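In what follows, a single structure is set out as structure tokens and then discussed.
The values are calculated or read from the model by the stated rules, or taken from the named source; none is laboratory data. On a predicted model such as this, the values are computed, not experimentally measured, just so you know. All Cβ positions, even for glycine, are placed from backbone atoms using ideal geometry, and neighbour counts span all protein chains on display.
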Amino acid sequence: MFGKLAADALGLSNVGIVVKPADYDKVDADDYVMHEDNEKIYFLIKSKSDEYCFTNLALIHLDGTSATSKKRVLRRFSYDKHKISNVALETAGTIDLDVEIKFTIGEQYYSIDVNKKHLEELKDLYKALLKIASITHENEIALQHARESLTVAQSVLGRGQQADAAAQFKSINQYAFDWLMDAREKYVVKDFGKVFEKYIYN
């Protein structure tokens, strides 16, 4: 585990560094990755007090109040429940030592300072987050269209003669349930491993 001494040895500050894949097993966030469910780390930013771990399923944020305190707050934002939006990358000026990756996930806004030597890696993360935001947005629209088309179909069926109202209701209800579950399966993405593979490892 990276403790305060390790952080000092690496020269970590409140400006983060991008951790190499070979060192993922040395960070605290790795303990909270659901390896049992095929969750995998694709990008990790570490400062003295915080870790931002981007997996195929979620953002795991280990929030430390300070580098000297052992108290940590763990926050987990699954991509299927917390929409990513407002993705931005702020590059460094002439005298700046850091760059910033900014985004909103669910209702939480993040602006993460990272050493400017990691700009090229952050560009890849920026593209991956932007793509996830785009996919999620388009899928929300498609899922809404699926719901609307089902409502129209139900209203049309409801106008016909119903010899057996109970059987008709049961049949329509089951069809509606199956339709919505199929639409959800198709348009609610939980695993964005392919996106990270494309942009982070390409």
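Within segment 39-49, can you find the residues that are touching a residue at least 40 places away in the same chain (Cβ under 8 Å) and either farther than 15 Å from residue 125 by Cα or in a loop (DSSP other than H, G, I, E, B) (or both)?
The initial filter retains those residues of segment 39-49 that are touching a residue at least 40 places away in the same chain (Cβ under 8 Å), namely 40, 42-43, 45-48.
Those that are touching a residue at least 40 places away in the same chain (Cβ under 8 Å) and either farther than 15 Å from residue 125 by Cα or in a loop (DSSP other than H, G, I, E, B) (or both): 40, 47, 48.
Residues that are at pLDDT 90 or above and either over 20 Å from residue 14 (Cα atoms) or small (Gly, Ala, Ser) (or both) number at least 3 in the following strands (runs of 3 or more DSSP E) confined to segment 59-146: 72-78, 84-90.
With the requirement that a residue be out of contact with any His (no Cβ under 9 Å at 6 or more places or on another chain) and charged (D, E, K, R), what does segment 40-63 give you?
Step one: list which residues in segment 40-63 are out of contact with any His (no Cβ under 9 Å at 6 or more places or on another chain), which gives 40-44, 46-49, 54-57, 60-63.
The answer is 40, 46, 48, 63.
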